[in-house]
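Trainee: Sending over a structure as C-alpha cells; questions will come in a sec.
The values are calculated or read from the model by the stated rules, or taken from the named source; none is laboratory data. Please read these numbers as outputs of a predicted model, since none were measured by experiment. Here Cβ is always computed from backbone atoms with ideal geometry, including for glycine, and neighbour counts include all displayed protein chains.
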Amino acid sequence: MTVIEVTSAAELSKKQTAEIEKVFSAKHKGEKIDFVYKIDKELIGGILVVDGDKYYDGTYRSQIDKIGAAFSLSDKYVEAATATKRKRAKKPAVSATAHTEAHNASLTAEHIKADIDSELSGKVEKYKRAFDVRHAGSVEFCGDGVIMCNGLSDAEYGEMLRVENGAQAIVLSLTDGHVGAIVLDDEDKVSAHMLVNTTGMIVSVPVGDKLLGRVIDPLGKPIDGLGDFTPDKYRPIEAPAPAIKDRAKVDVPMQTGLLAVDSMIPIGRGQRELIIGDRQTGKTSVAVDTILNQKGTGVICVYVAIGQKSSTVSNIYNTLAERGAMDYTVIVSATARDSAPLQYIAPYAGCAIAEEFMYAGKDVLIVYDDLSKHAVAYRAMSLLLKRPPGREAYPGDIFYLHSRLLERAAKLSPELGGGSMTALPIVETLAGDISAYIPTNIISITDGQIYLESELFNAGIRPAINVGLSVSRVGSSAQTKAMRKVSGKLRLSLSQYRELAIFAQFGADLDESTAHMLEHGKRTTEVIKQDVHCPMSVEHQVIILYMTTKELLKDIPVARITEFKDKFIKFFDIDYADVIAELQKTGELTMDMGITIEEAVDEFSRLFLKGVSNE
C-alpha cells in the first residue's frame with residue numbers, strides 16, 4: 001500500500017482533499033493508497049505532499065525562503081532602518097532631546113518594516129501558486145560527519161545534497177534504500193529526521209584571479225583575515241581529465257631551482273612528479289622552493305595543504321609572502337583540525353582552481369601536501385559509511401581516488417590554448433618503505449618520483465635525493481640543450497660513487513681509478529648541496545655543472561667546495577655578464593662559452609686558493 005502524506009498550515013476543506021486525492025490516485029492507478037493529513041502552522045500557507053521520495057512543495061514558507069526573505073526579518077529591518085535613517089533624517093536642532101531622536105528612529109524603522117512587509121507579501125502572492133517537485137529523503141543517522149538517508153532514489157555518486165538547514169553533503173555510498181553522504185558544514189547542525197534534497201549538482205568552488213595571494217578553505221571561503229572577496233566564476237571540484245587527443249608533448253622545463261632535480265630528475269610542464277620520503281626529510285621544502293623559483297616566469301602556483309598543522313601552513317604562507325611569491329600563489333588549506341570531508345575535497349578544490357587557469361592558456365604548478373593524509377581521511381569516511389575494507393583497511397576504490405585527481409594534470413594541445421598543469425603530489429612513507437599500499441599506487445599513476453632519504457638528510461646532504469630510486473619518465477625532453485649537455489653523465493657517476501663509498505668504508509685497498517672516482521664523487525656531492533629557499537637559475541646551474549663534469553674543482557678542498565661555488569657565481573655574474581645573458585637567451589652552451597668558463601674558473605681558483613693558504 002502506498003502512503004501519501006499531505007501537510008498543510010491549516011485544516012483542508014473536503015473539496016481540497018478530494019482534489020488532492022483525485023490527482024494522486026491518477027498517478028498511482030490500480031494501487032491502494034492511504035492519504036495521511038497533517039497540520040504544520042510553520043508552513044504559513046499552501047501544502048506539502050510527500051509521495052515516496054518525491055516532495056511536491058507548494059508551501060508559502062518554501063517560497064519565502066526562495067526569494068531570500070527567510071523566516072526571521074529582524075536583521076533586515078534593522079539594516080534597512082539604519083540606512084534609511086541616514087538618508088531621511090534631518091539635522092536635529094541644538095535643543096533636540098535624545099527622546100525625540102529615539103522616537104524618529106522608531107518611526108523610521110516602522111516605515112521600513114511596513115515597506116518590506118508590502119514588498120514581501122507581493123512576492124509571496126506571485127509565488128504562492130508555484131509547486132517545487134523534488135526528490136528528497138530524510139536523515140536516518142548522523143555522526144562523525146557522516147549521514148545515512150532514506151529515499152533519494154535518484155541520487156548519484158558525488159552529487160551534492162542539501163539538508164533543510166542549509167548544510168551541504170556529498171554522496172559517497174549508494175545501497176538499496178539508503179544513501180550515505182559526508183557533511184561539509186558543521187556536523188552538529190545536522191540531526192536525524194531532517195529533510196534532505198538532491199540538487200543535481202556537485203560542489204563548486206570560486207576560481208579566477210581574485211584568489212591569487214589568498215588562503216582559502218576547500219569550500220572557497222577566505223581564512224587569511226584579509227576580508228571577503230566576490231568571485232567572478234565558480235567551477236565544480238570534479239571534472240573529467242583531458243582526453244589523449246587534447247594533450248600535447250611535455251617538452252617545456254618546469255625549473256625547480258634545485259640543482260639536483262633540474263639536472264638529474266627534470267620536470268616538464270604538464271608532468272606529474274611524486275615527492276616521496278619519510279617525515280622530516282625536506283619534501284615540503286622541495287615543493288616550496290619550486291614555487292619560489294616560478295617568480296617572474298608567469299607560472300601560477302596552487303599549494304594544497306591536507307591534514308597539516310595550522311602553524312605549518314602559516315609558516316609556508318609567511319615564507320612565500322616574504323619573497324613575493326604569494327602574488328602568483330593560492331593556498332587551499334584543510335588543516336588537521338578540519339573534518340575528514342573537508343580534507344577529502346581539498347585537493348579536488350585546488351585542482352579546479354588550477355584547471356581554470358590551465359584552460360585559460362596559462363601554466364600552473366599545483367602541490368598536494370600530502371596525499372597519504374588524504375587517503376587516511378578517505379579511509380575514515382569509508383569505514384564510517386560501512387563500505388567493505390580492503391588492504392590496510394582502505395576501500396576498494398582508493399586507487400581511483402588519486403588517479404582521477406592526478407590525471408587532470410596535463411599539457412593541453414595548442415587548439416585548447418596550450419596551457420598546462422604540473423602536479424607535485426607528496427607522499428609520506430614509514431621507515432623508507434616505498435612498497436607500501438598508497439606509495440605504490442601513486443608511483444604507478446605519476447610520471448616519476450623524487451625519493452628523499454633520511455640517511456642522506458641526516459648526513460647533511462640536502463636536498464636528500466636518492467638518485468638510484470628517483471626517476472623522471474619525461475627525462476631530457478624537459479631540459480634545455482645546455483643542461484642536457486652538462487648533466488648527461490652526472491646521474492650515473494653519482495650513483496656509482498655512492499655504491500663505491502659503501503665498500504670504501506671497509507678500508508680495502510683501492511686502485512687508482514676507484515680512488516679517483518671516489519674523490520670526484522665527493523666533490524660532486526658537495527656541489528649539488530643547496531640551502532633551503534635558495535633556488536638557483538638554470539644559467540648558474542649549467543655553469544656549476546660544467547666545471548664539475550670537467551673536473552675543474554679538483555684542486556679545491558672538499559670542505560670549501562660550497563664556499564667556492566657561491567663566491568664564483570657572484571664573480572662570474574659581474575665579470576662575465578655577457579655569457580650569462582647569451583646562455584639565458586639561447587639556452588645552448590657553445591664551445592666558446594665553455595672556454596670562457598674554464599678561464600674564469602682558473603682565474604678565480606688562484607685568488608680563492610691564495611686566500612685559503614693565507615688562512
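Trainee: Are any residues in region 336-367 modelled with pLDDT of 95 or more and not in a helix (DSSP H, G or I), and if so, which ones?
Mentor: Within region 336-367, Tyr359, Ala360, Gly361, Lys362, Asp363, Val364, Leu365, Ile366, Val367 meet the criteria.
Trainee: Would you check which residues across region 485-530 are surrounded by fewer than 13 Cβ atoms within 10 Å (Cβ to Cβ) and either under 30 Å from Glu322 (Cβ atoms) or not β-branched (Val, Ile, Thr) (or both) and list them?
Mentor: Across region 485-530, the qualifying residues are Lys489, Leu492, Glu499, Phe503, Gln505, Phe506, Gly507, Ala508, Asp509, Asp511, Glu512, Ser513.
Trainee: Continuing with this model, one more query. If you scan region 541-569, which residues turn out to be surrounded by fewer than 20 Cβ atoms within 10 Å (Cβ to Cβ), of a type outside the set (Asp, Glu) and in a helix (DSSP H, G or I)?
Mentor: Residues satisfying the conditions are Thr549, Val558, Ala559, Arg560, Ile561, Thr562, Lys567, Ile569.
Trainee: It is to be established whether one or more residues within region 188-203 are in contact (Cβ under 8 Å) with a residue 12 or more places away in the chain, surrounded by fewer than 19 Cβ atoms within 10 Å (Cβ to Cβ) and among the acidic types (Asp, Glu).
Mentor: no
Trainee: Sticking with this one: Mind checking which residues of region 561-590 are aliphatic (A, V, I, L, M) and either more than 45 Å from the chain's Cα centre (by Cα) or within 20 Å of Glu526 (Cα to Cα) (or both)?
Mentor: Within region 561-590, Ile561, Ile569 qualify.
Trainee: Among the residues of region 260-286, count how many are assigned to a helix (DSSP H, G or I) and touching a strand residue (DSSP E or B) at 6+ places or on another chain (Cβ under 9 Å).
Mentor: Final tally of qualifying residues: 7.
Trainee: While we're here: Scan region 368-389 for residues that are in a loop (DSSP other than H, G, I, E, B) and touching a residue at least 60 places away in the same chain (Cβ under 8 Å) and jot them down.
Mentor: Those that are in a loop (DSSP other than H, G, I, E, B) and touching a residue at least 60 places away in the same chain (Cβ under 8 Å): Asp370, Leu385, Lys386, Arg387.
Trainee: Would you mention how many residues in region 589-611 are surrounded by 15 or more Cβ atoms within 10 Å (Cβ to Cβ) and either charged (D, E, K, R) or in contact (Cβ under 8 Å) with a residue 24 or more places away in the chain (or both)?
Mentor: Number of matching residues: 9.
Trainee: As an exercise: evaluate Val299 against (1) over 19 Å from the mean Cα position of the chain (by Cα); (2) surrounded by fewer than 24 Cβ atoms within 10 Å (Cβ to Cβ); (3) of a type in the set (Val, Ile, Thr) and give the number of the one condition it does not meet.
Mentor: Val299 satisfies every listed condition except (1).
Trainee: Just wondering, is there one or more residues in region 527-534 that are at positive phi, in the same structural domain as Leu490 (by TED's automatic domain parsing) and in a loop (DSSP other than H, G, I, E, B)?
Mentor: yes
Trainee: Still on this structure: Return yes when Gln294 is modelled with pLDDT of 95 or more and under 20 Å from Asp327 (Cβ atoms) and no when it is not.
Mentor: yes
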